1. Relative to the present Cα-Cα distance, how much length would full extension add between K156 and K58 at 0.36 nm per residue of separation?
2. At a 10 Å Cβ-Cβ cut-off, how would you order L20, L119, fewest neighbours first?
3. Taking a label point 7 Å from the Cα of N197 along the Cα→Cβ vector, which residues of the range 15-47 have an amide N closer than 17 Å to it?
4. Taking the beta-carbon count within 10 Å as an exposure proxy, list D157, D121 from fewest neighbours to most.
5. How much FRET efficiency would the formula 1/(1 + (r/R0)^6) give for F28 and Y100, where r is the Cβ-Cβ distance and R0 is 25 Å, rounded to 0.05?
6. Can you give the net charge of the other residues whose Cβ lies under 13 Å from the Cβ of K153, counting K and R as +1 and D and E as -1?
7. Please report L46, L169 as a ranked list, fewest other C-beta atoms within 10 angstrom at the top and most at the bottom.
8. Assign unit charges at the C-beta atoms only (+1 for Lys and Arg, -1 for Asp and Glu), then state the dipole size of the range 3-202 relative to its Cα centre in Debye, rounded to the nearest 20.
Amino acid sequence: MRHKPLNNFFSDNKFIGSYLEYNKIPIFDKPEVCFIGRSNVGKSSLINRITKNKKLAKTSKTPGRTQSINLFSISNKLIFADLPGYGFASFPETLKKKLYYLIRNYIEKRIFLKNVFLLIDGKIGIKESDLETINFFIKKNISFAVILTKIDKCKKDLLNNNIKEIKNLLNNNSSNHYNIFSTSSFRNEGIKDIQKNIYGLAKE
Ligand code: GDP
């Protein structure tokens, strides 16, 4: 597929709503993908890049500000779900618990969910909270892909080591194949590969 139709597909987007409780989230008879990761991983910036919309997912300097699940419609064919960031140490325990159940309920129960994109900072690599998330996906047989973010600020050797660590972890724990995308929202790197992948899921 050429570049332009892909960008057109993703730039035809609109905000559907923001949901604090799982059972309030409307169900659409359309394929859905979601984005998840630690707070400040660069999730909003990435969604804005994919959708060519500077404001769709609000980028924030304050980590952990988004505590709800935000839905967006893409070209009336596909749903994006922006999940709350996790692993934000200074959250009160009650809020952490609430977000934990919101995220797990969503991932386990959402019937049209085609794929989860798990974002990991290319420089920081996998943290304990990411490991817990990955183990949950594997245990529940959830289809997911890893997106490494902010690779512009990460030396090649470190990035390659982090990729190797993730590959080893996934190979040791599952017989499934998982994609790993390397991206920089700042430099618009790796975005097209993700668009292509999601576009493919929408067509299935
Ligand atoms: P979120 O909390 O996961 O939604 O992350 P944001 O998209 O709000 O980004 C968190 C911080 O990382 C912000 O200060 C962004 O400017 C920065 N950031 C996001 N994407 C990139 C990137 O590709 N490269 C670099 N160097 N910084 C980024």
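Derivation of every value follows stated rules applied to the coordinates shown; laboratory data play no part. Note that this is a predicted model, so its numbers are computed, not measured. Cβ placement follows ideal geometry from the backbone for every residue including glycine, while neighbour counts extend to all protein chains displayed.
1. Details: separation 98, 0.36 × 98 = 35.28 nm, distance 2.91 nm.
Between K156 and K58, full extension yields 32.4 nm more.
2. The order, fewest Cβ neighbours first, is L20, L119.
3. Only 32-38, 41-47 pass the distance filter.
4. Details: D157 8, D121 21.
The order, fewest Cβ neighbours first, is D157, D121.
5. Details: r = 25 Å, r/R0 = 0.99.
Result of the calculation: an efficiency of 0.50.
6. Working: positive: K123, K150, K155, K156, R187; negative: D121, D152, E189.
Combined, the nearby Lys, Arg, Asp and Glu give +2.
7. Starting with the residue having the fewest Cβ neighbours, the order is L169, L46.
8. Details: 34 positive and 16 negative charges, 97 e Å.
Dipole about the Cα centre, nearest 20: 460 debye.
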